């Protein structure tokens, strides 16, 4: 059964890498969306 | 053909520049010597072990030296923007690459063959009887190092932290040169002095692949 | 929007199913026992990372030929995803090796090649951070991307031949896969490939958004 722990650990670590990657990208995408929204506001303001 | 005369002219320029200053050959040779001496402190250089570890250490020293020595290849063309002048002067931009990589192959080969003699003295290995075969292995290896190193010099000269970036780019890429070269050299050091065409085959494949890739895509590196 | 949510759900279900299969459906291997089950994550991750690097290579070549930024976005996105999958291979390898052979690392051909591959593509990503100008960065890294991928078969070939000359007892695959094992393996491979596509697209959209930001910033400056 000890060896099953290794298998669990491997899958946990593997999934952590994939999830961590996706999460990092998602966070950067969210902050970028905010910046984009702000910029669009400023452009609308300067157009007036 | 204009291409070959361009390449020959540029090659002559590169070699003459080095002959005048001797910078590259001198510093590269001293660097390899220092690395060999330092390596020899990390294990007992008796005759038996030197034949085992020696070739690998020798080629490591060559690779480290090359990753420093090839840096100026394209970097020096940034001062006074001589690169633009070169691009205007030649018909095919590949002539610039070919000339530089031929010059660099010659420089690498000269330093290597020289230091091989020093290595032979330090580690008590008889290299004179196998010198021609060793020269072949060193030539194929140097050509691969030079082709990739010259191209990557053009790459790193456009980036920040280029002094440490060039080795980072070059060394993993050159694993398929390090392994066959070290193994073929080791096989030559052995009593049978066998020339291992399986390893040389990989070196030749590497040289052909990367020379072709440089020919196809090199011009994109030289744009403004 | 709904389509991408459905696809994400599908990928999650596939990943869960393949994990379940690896733990409970696959028969226990005779020589290595339970720990061999790591194979169902370890081996397909390696193959998927290669697939991601192939996509990156295509992106690099197409960028050099067409100069359309979207190919550069594809090249960097798939390179990053490839490095992620490569990392999984390099982390699960030692977790498998320690119980199975008593060593954390064995210079086995596949693992060593994966390590060199990881270094190569990390170098690619580092190169990108060292060039500010977007167009230069795209062209220069595309060139290195081409070189890097052309190196892949040579790295695998030379390391494999080197291991053949100096063999050692550590082997990271089961020699012959029984039919159930093979099905579990394919399920795992399918789920990881779908995950790869999902992650590449997610990263690609981030890159596209950054370009949008850059364009808007330029517009604002122009006023």
task: State yes or no: is residue B:146 away from chain C (no Cβ under 13 Å) and either under 15 Å from the mean Cα position of the chain (by Cα) or not in a helix (DSSP H, G or I) (or both)?
output: yes
- line: Taking the range C:172-189 and keeping only residues that are surrounded by fewer than 16 Cβ atoms within 10 Å (Cβ to Cβ) and assigned to a helix (DSSP H, G or I), one is left with C:179, C:180, C:182, C:183, C:186
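Would you call residue A:12 more than 30 Å from residue C:29 (Cα to Cα) and assigned to a helix (DSSP H, G or I)?
no
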The lone exception for residue B:180 - which of (1) facing chain C (nearest Cβ under 7 Å); (2) touching a residue at least 40 places away in the same chain (Cβ under 8 Å); (3) more than 18 Å from residue B:97 (Cβ to Cβ) it fails: (2)
- request: Check the range C:63-81 and report whether any residue there is more than 9 Å from every other protein chain (Cβ to nearest Cβ), surrounded by fewer than 19 Cβ atoms within 10 Å (Cβ to Cβ) and within 26 Å of residue C:186 (Cα to Cα).
  value: no
- request: Among the candidates B:67, B:50, single out the residue that is in a helix (DSSP H, G or I), closer than 30 Å to residue B:9 by Cβ and either at pLDDT 90 or above or over 15 Å from the mean Cα position of the chain (by Cα) (or both).
  value: B:67
query: Of B:137, B:208, which residue is in a helix (DSSP H, G or I), surrounded by fewer than 16 Cβ atoms within 10 Å (Cβ to Cβ) and either more than 8 Å from every other protein chain (Cβ to nearest Cβ) or without any contact (Cβ under 8 Å) to a residue 12 or more places away in the chain (or both)?
result: B:208
task: Starting from residues that are buried (at least 24 other Cβ atoms within 10 Å of the Cβ) and within 15 Å of residue C:194 (Cβ to Cβ), keep the ones in the range C:45-61 and report whichever is nearest to the chain's Cα centre (by Cα).
output: C:49
message: Within the range C:31-50, does at least one residue satisfy the condition of being part of a loop (DSSP other than H, G, I, E, B) and away from chain B (no Cβ under 14 Å)?
response: yes
field: Single match in C:192, C:150 (criterion: buried (at least 23 other Cβ atoms within 10 Å of the Cβ) and assigned to a helix (DSSP H, G or I))
entry: C:192
field: Among (1) under 26 Å from residue B:180 (Cβ atoms); (2) in contact (Cβ under 8 Å) with a residue 24 or more places away in the chain, the one test that residue B:49 misses
entry: (2)
- request: Go through the range C:82-111 and count every residue that is within 18 Å of residue A:5 (Cα to Cα), away from every other protein chain (no Cβ under 12 Å) and crowded, with 21+ Cβ neighbours inside 10 Å.
  value: 0
message: Just the residues that are assigned to a helix (DSSP H, G or I) and surrounded by fewer than 12 Cβ atoms within 10 Å (Cβ to Cβ), please, taken from the range B:1-25.
response: B:2, B:4, B:16, B:19, B:20, B:21
query: residue C:169 fails exactly one of the following numbered conditions: (1) part of a loop (DSSP other than H, G, I, E, B); (2) more than 21 Å from the chain's Cα centre (by Cα); (3) buried (at least 18 other Cβ atoms within 10 Å of the Cβ). What is the number of that condition?
result: (3)
query: Is it true that residue C:119 is within 14 Å of chain B (Cβ to nearest Cβ), within 27 Å of residue C:39 (Cα to Cα) and either modelled with pLDDT of 95 or more or within 18 Å of the chain's Cα centre (by Cα) (or both)?
result: yes
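Condition first: in a helix (DSSP H, G or I) and either in contact with a helix residue (DSSP H, G or I) (Cβ under 7 Å, 6 or more places away or on another chain) or at pLDDT below 90 (or both). Now tell me which residues in the range C:11-30 satisfy that.
Within the range C:11-30, C:11, C:14, C:15, C:17, C:18, C:19, C:21, C:22, C:23, C:24, C:25 qualify.
The values are calculated or read from the model by the stated rules, or taken from the named source; none is laboratory data. Note that the structure is predicted; figures quoted are calculated from it, not measured. Please note: Cβ atoms are built from the backbone with ideal geometry, for glycine as well, and neighbour counts cover all protein chains shown.
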